[in-house]
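Enquirer: Take a look at this one; I'll ask things after.
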Amino acid sequence: MLLVTFMDAVSFKQRFMPHWRHCFWVAWRLTGCTQDAEDLVQEASLKLWMKREELDDIDNDQAYLTTLVRHLYLDQRRRKHVNMAGAPVEEILVADGDDLMGRVEVRDEVEQVKRLIGQLPLQQQQVITMHDIDQLSSEEIYNETGLSYVNIRTLLSRARKNLRALFNKP
């Protein structure tokens, strides 16, 4: 007889909750929208919970979650392209109190990042917004701004470095 043990809710939260903020940022960079990112992370957590009996084999939880979020995003995009005539199916998930607090924290952080981007030099603001929020490629940024590829990479690197410094500033 094969005995399958399921991870309980407390163990699940202890193991995976520290990674949800990272997953939100991955989802936000993919979708460019706070609400869509939250929905994507919620869908990932539900899918992960449903597969909790298979989670013991995972070596790197954060990498697994990042991949899961990306695959769910790609699946959603494929479904939207296939179902152009019909409305996409939406699942309504009721958030518990902990999830609601997490959403509030994430929204506050998104607003903080937007304010911090506004403190960057103009070209850095422009490049990081185009690349990380609008998800334009370096070629598209080049076509819009006329900046060289080296300039784009440099500005993007400096913008991220400056954002990290501003975000961690007391």
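Bear in mind these aren't lab numbers, they're just calculated from the coordinates by the rules spelled out. As the structure is a prediction and not an experimental result, all values here were calculated from the model. Positions of Cβ are generated from backbone atoms using ideal geometry, with glycine treated the same way; all protein chains shown enter the neighbour counts.
Enquirer: Pop a pseudo-label 7 angstrom from the Cα along the beta-carbon direction at both Glu109 and Glu54 and give the gap in nm to one decimal.
Expert: 2.7
Enquirer: Run down the lysines and flag those whose C-alpha is under 26 Å from the C-alpha of Lys114, throwing out any fewer than 8 positions away in its chain.
Expert: Result set, ordered by chain and number: Lys161, Lys169.
Enquirer: Run the numbers for Lys161 and Gln14: contour at 0.36 nm per residue of separation, minus the present Cα-Cα distance, in nm. Could you put the intermediate results ahead of the total?
Expert: Values: separation 147, 0.36 × 147 = 52.92 nm, distance 3.04 nm.
The Lys161-Gln14 span can extend by a further 49.9 nm.
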